[in-house]
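The next block holds one structure in the form of structure tokens; read it before the comments.
The values are calculated or read from the model by the stated rules, or taken from the named source; none is laboratory data. Quantities reported herein were computed from a predicted structural model and do not represent experimental measurements. Because the Cβ atoms are built from the backbone with ideal geometry, glycine has one as well, and the counts that use them run over all protein chains shown. Accessible surface is based on the protein model in full, side chains and every heavy atom, while ligands, DNA and RNA are left aside. Shrake-Rupley method; radii C 1.70, N 1.55, O 1.52, S 1.80 Å.
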Amino acid sequence: MDKIKVAVTGAGGRMGREVVKMVLEDESLQLVAAIDPSAGPIDAGILAGMGQCGVVVNASLEDALRQANADVMIDFTVPQAAYKNTLEAISFGVRPVIGTTGFTPAQIEELQQLCEQKGIGGLIAPNFSIGAILMMKFAAEASKYMPHVEIIEYHGDQKLDAPSGTAVKTAELISEVREELKQGNPKEEETIEGARGGYYNGFRIHSVRLPGVFAQQEVIFGGYGQTLKIRHDSYDRAGYMPGVNIAVKKVVTYTGLIYGFEHIMD
Ligand code: NAP
């Protein structure tokens, strides 16, 4: 079987370097391009802490895609760049596998249409960690029986978007199955703005940003005389790579852009 040819955007970033490593370590994948605005020119393997691989980091995605004939682009960059990168990849017929968080529903819808028109597959996944996907599934299930819920997510202080993509995705999954309910005291007042967190469909999401924290989320349910907490902790970026690897192999087998890794998990 032919190797899947992969381009990696954000190759110099924390996630991007893990992705480059994962691609180089899998014999069924071939790294054909690595893109980062300021990391190059440097060999992408060296940048990822491995041996030389012969792919030099390029600052221009357009140039890289023109030269590389990639099947799939994996993007872990920043929200504004990721949207443009995804448009560019689709225009070249390259299937996007997007881990960058912060896409708006309108952007996702537009990208879904573009993938359909181009006849290619794609995936936007706010979380590639299997444990986090299970946390979201279990939270949605619990909300059917305990509809009073709040989400607290914890990330490092340099994270750009809030709430996290995972928290938004969890809130969406809960909203699909939870009975309509506006929680809390209707007369409630904040004496400090934002104290009650972000409002989503009747419940609240709280974003903690601190140095030293990696990525955690708690979904807390309240009922008569009891609470239930469903919690997931990520400790290492390598924990996302099995999911990214599965996504690269799946995305070449279907047409249309899927939002959420849970939809391609067998
Ligand atoms: P990071 O270390 O800041 O890396 C981002 C990289 O993207 C930087 O090297 C940056 O380069 C590069 N970049 C910026 N604009 C670019 C462009 N137009 N084309 C190519 N590269 C570009 O961030 P990170 O920790 O790796 O996280 C990246 C994203 O992944 C975030 O949105 C985060 O929320 C998300 N994430 C998702 C998951 C998941 O499971 N889906 C897991 C973890 C993180 P410069 O520094 O030179 O600007």
Item to check | Within the accessible area of the chain (1.4 Å probe), percent carbon and sulfur | outcome: 50 percent
Checklist entry - Where does each of R178, R209 land when they are ordered by accessible area, with a 1.4 Å probe and the largest first? => result R209, R178
Checklist outcome for this item: Restricted to segment 130-234, the DSSP antiparallel beta bridge percent, nearest 5, is 75 percent
Checklist entry - Applying 1/(1 + (r/R0)^6) with R0 = 22 Å to the Cβ-Cβ distance of K159 and S38, what FRET efficiency is obtained, to the nearest 0.05? => result 0.65
Item to check | Cα→Cβ-extended label distance, 7 Å offset, between Q226 and N69, nm | outcome: 6.1 nm
Checklist entry - Once the piece of chain linking I108 and E141 is laid out straight, how much longer is it, given 0.36 nm per residue of separation minus the C-alpha distance between them? => result 9.4 nm
Checklist entry - Magnitude of the Cβ-charge dipole of segment 182-231, K/R +1 and D/E -1, about the Cα centre, nearest 20 debye? => result 200 debye
Item to check | Exposure rule at most 13 other beta-carbon atoms within 10 Å, DSSP loop GluC sites (Glu not before Pro): the chain longest free segment | outcome: 28-178
Checklist outcome for this item: Everything considered on the Cα gyration tensor (a ≥ b ≥ c; rounded for a/c under 1.5, else prolate if a/b is larger than b/c, else oblate), segment 1-75 must be described as oblate
Item to check | Sequence-separation-based contact order of the chain, relative, with Cα cut under 8 Å and 6+ spacing, percent | outcome: 20 percent
Checklist outcome for this item: Check: in the chain the Lys pairs 8 or more apart or on separate chains whose Cα atoms fall under 18 Å apart number 16
Item to check | Global geometry of segment 130-234, whether rounded, prolate or oblate, following the gyration tensor of its Cα atoms and the 1.5 cut on a/c | outcome: oblate
Item to check | Counting DSSP beta bridges with both ends in the chain, the antiparallel % (nearest 5) | outcome: 45 percent
Next on the checklist: Please compute the per residue accessible area over the chain with all protein chains in place, 1.4 Å probe, rounded to a whole number of Å².
Outcome noted: 50 Å²
